[in-house]
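The block underneath contains the structure these notes are about, expressed in structure tokens.
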Amino acid sequence: MAVSITAESLFLSLQQEKATGELQPLPHDFYANATALVATLSKQDQGEEKARRVENVVKMLMSLKEKRKQKLLLYIAYSRPLPATIPNEEEALFNELHKTLNAGAPETKLSKLKIIADVPEVLTAQGRKVGPYKNGEIVELSDSGDVEFIIKNKIGEILVQ
């Protein structure tokens, strides 16, 4: 079921995006619905005042896109996971940029760890989320910083491979 976007909801989304450093969740079909809104307003609106309304909606949409692209780049730079729901176009952009930026990078080695304590989700010094883990669980991690954090804090131990 498609969620209808209005100029007001677009404005609220833009305000939320500007207010935080986190990428705000948006429906997968957000941009398709926003484009439909612009098309509908363009067909309905006649006259100078109504043309300005269409222009303002387009400006809000472009501003929202730019802000979200900046945040996507930050998510890539800091290897942060994306929110659960983002527009399909942004997910494709994220995946393509991630693939391009990591092309030629050395293959990361996976480390197998045995978790030795029940741990809720915690934040590492690098700002990455680790966990939640259960005692006895075997996990594979590629980030050496996460592996070091787990060992140093007696959350887990390396398994000999």
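Remarks
- For segment 62-153: span of alpha carbons on each principal axis (Å, largest first): 48, 30, 22
- Environment charge of Thr85, counting only residues whose C-beta is closer than 15 Å and scoring Lys/Arg +1, Asp/Glu -1: -4
- Alpha-carbon Rg/Rh ratio, for segment 111-158, with Rh computed the Kirkwood way: 0.90
- Counting only the Cα atoms, the chain fills a convex hull of 140 Å³ per residue.
- Sorted by Cβ neighbour density within 10 Å, fewest at the top, the residues Phe30, Phe94: Phe94, Phe30
- Calculated [θ] (222 nm, deg cm²/dmol) that DSSP helices of n ≥ 4 give over the chain, each run adding -39,500 (n - 2.57): -16500 deg cm²/dmol
- Pairs of Lys residues in segment 111-158 that lie 8 or more places apart, or on two chains, and have C-alpha atoms under 15 angstrom apart add up to 6.
- Over the chain, relative contact order from alpha-carbon pairs under 8 Å, at least 6 apart, %: 20
- The angle separating the long axis of helix 48-77 from the principal Cα axis of greatest extent in the chain is about 10 degrees.
- Sequence-separation-based contact order of segment 111-158, relative, with Cα cut under 8 Å and 6+ spacing, percent: 48
- Per-residue Cβ neighbour rank within 10 angstrom, fewest leading, Lys59, Lys112: Lys59, Lys112
- Taking amide H as placed 1.01 Å from N in the peptide plane, Asp118 has its amide H under 5 Å from the amide H of Asn135, each at least 5 places away in sequence or on another chain.
Read-outs throughout are calculated quantities, based only on the coordinates presented, and are distinct from any laboratory measurement. Quantities reported herein were computed from a predicted structural model and do not represent experimental measurements. So basically every Cβ, Gly included, is an ideal-geometry build from the backbone, and we count neighbours across all protein chains shown.
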